[in-house]
1. Residues that are touching a residue at least 40 places away in the same chain (Cβ under 8 Å) and more than 27 Å from the chain's Cα centre (by Cα): does segment A:366-375 have at least one?
2. From the list A:179, A:165, A:145, which residue is buried (at least 18 other Cβ atoms within 10 Å of the Cβ) and more than 26 Å from the chain's Cα centre (by Cα)?
3. Output the residues belonging to segment B:91-105 that are surrounded by fewer than 20 Cβ atoms within 10 Å (Cβ to Cβ), touching a strand residue (DSSP E or B) at 6+ places or on another chain (Cβ under 8 Å) and within 8 Å of chain A (Cβ to nearest Cβ).
4. Looking at segment A:238-256 only, could you name the residues that are modelled with pLDDT of 80 or more and surrounded by fewer than 15 Cβ atoms within 10 Å (Cβ to Cβ)?
5. Looking at this structure, is residue A:361 more than 14 Å from chain B (Cβ to nearest Cβ), in a helix (DSSP H, G or I) and without any contact (Cβ under 8 Å) to a residue 24 or more places away in the chain?
6. At least 2 residues that are under 27 Å from residue A:58 (Cα atoms), in contact with a strand residue (DSSP E or B) (Cβ under 6 Å, 6 or more places away or on another chain) and in contact (Cβ under 8 Å) with a residue 24 or more places away in the chain in each: list the strands (runs of 3 or more DSSP E) lying fully within segment A:96-189 that qualify.
7. With respect to residue A:380, is the statement that it is modelled with pLDDT under 85 and within 20 Å of the chain's Cα centre (by Cα) true?
8. Specify the residue that is farthest from the chain's Cα centre (by Cα); the eligible residues are those in segment A:52-91 that are in a loop (DSSP other than H, G, I, E, B), modelled with pLDDT of 85 or more and more than 16 Å from residue A:126 (Cβ to Cβ).
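The values are calculated or read from the model by the stated rules, or taken from the named source; none is laboratory data. Remember, it's a predicted structure, so these values are computed and weren't measured experimentally. In this analysis, Cβ positions are derived from the backbone assuming ideal geometry, glycine residues included, and neighbour counts consider all displayed protein chains.
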């Protein structure tokens, strides 16, 4: 018997009991569609999160004072402006392109009776290139603002909306931050929400001004975070080593007891990738359970079918069918069930993913489910395997029937 | 003498729990090529067991069975399947056609299991023409009368040119007029093609038309028309 003939015969046999075959296929359709849709949503979430991290810039490193998870460090020293300037040493740190120390705190901004609690960030002019800032209006804090401890500010759009109810024509207005007057020099482009909180509810001021008037720290020269831009994506690791080396020397730390932490965008990236990867597998795993249930449905139906067709099996054996012939006949039927279910399920899962994407877009989330080739391949292989695996027992039972017994069966 | 069936001292024991039932106890018989033989006997005589073994559907517990020059008593399942396919044609009381398939597909089935690729259609059509159903080849069994269905079954039995055709109560589900036609057809095929015909029946009238009647009683063979064996 050739393959085409087997397929035709199996189709005919499945076709003779449309309702039953249809319901069995439905079990597989739901399973495969769930796997495809879940994995698409998981991959989409991953892509969206990774995209927003990449938007921050992958050459970026973060330096915080304080060790992570190491209580043995005694008398940790804060990172200071001087430390930050030391990182700009072309000889000690050839892989560092720019350094942007910041000082961060909360304050109330008000204008004409409108108030807004906001994050005040003291920055240097280098913050602009390092953080990839773009401005809606005006210009960024410059070197003379910094040197002169000028009372100037660049505000985020949330702050603009809350205080002025508009976003343009604000340059030159004066707002009060923690009761001190600040002149607006620029407005930030709306960034939307990110994994690090909203960048739209921020007020940027010169770091010198912040140290002097807005945010006081026990060590006058201290900063909270230093953003460091490496020269290239590939030199991030080297830059990280150079920063550590400089800070160890300057802070005279004991070996293995750093009082600072260098965090790279890549390490965040891989952490997030891990988390979302686990999430995707988890979702896919749950969906796979429904595929398993569908497989048990196939087995059930095939067992019924074998019992119903005992006489047919007996007859086929009387006419010269070998064990193998009967086995293949039933395996083809069960595989066909799961394969048809798999194909419909892929299309259906794709549709679900598409609809989810549309809903996300409509509700303003930038999120596109990704139906990957891997998910399709996985679902196809898995459903075919389910059909084969759950078909083997019934098919074996059919093939093992004694012809005499089977022919006598009523 | 050209013997197509040679059975010697055949025994078949069934185990039913603790009890052993001896369905055949030393049956011996021979059938010549081209012969028409009726196997008769009361219920429980071992007639069905004899038929199953002659048709290679079952194996004897002991004894020899040589079918068309080949000893088949000790073959394994797949070998028996091949023997059934090539050397035995079955006609059943209840026709046993595949209801989903056309007459032509039903007749083709043994050729498919034989692995025959070429001129399958042609041979199946010829077999259907030989039983007088050349104009019904695309009908399904549900669209055919009982007599026509049995004719399809006969075409299926002869399509592989078997050494023997085993007919088990071929007229049991048919009215007597149609039954007579079916027996006439079988005898006619025997005459034209020289196919050995073994009919298992209760009907003495059918037995009369055979060249020889083999009586089975208590698991033994009584050959009334010839010498006692």
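1. no
2. Step by step, each of A:179, A:165, A:145 is checked, and only A:145 is buried (at least 18 other Cβ atoms within 10 Å of the Cβ) and more than 26 Å from the chain's Cα centre (by Cα).
3. Selection gives nothing.
4. A:241, A:245, A:249, A:252
5. When the stated conditions are applied, residue A:361 passes them.
6. Strands (runs of 3 or more DSSP E) meeting the threshold: A:96-111, A:114-123, A:135-138, A:152-155, A:180-188.
7. no
8. Among residues in segment A:52-91 that are in a loop (DSSP other than H, G, I, E, B), modelled with pLDDT of 85 or more and more than 16 Å from residue A:126 (Cβ to Cβ), the one farthest from the chain's Cα centre (by Cα) is A:91.
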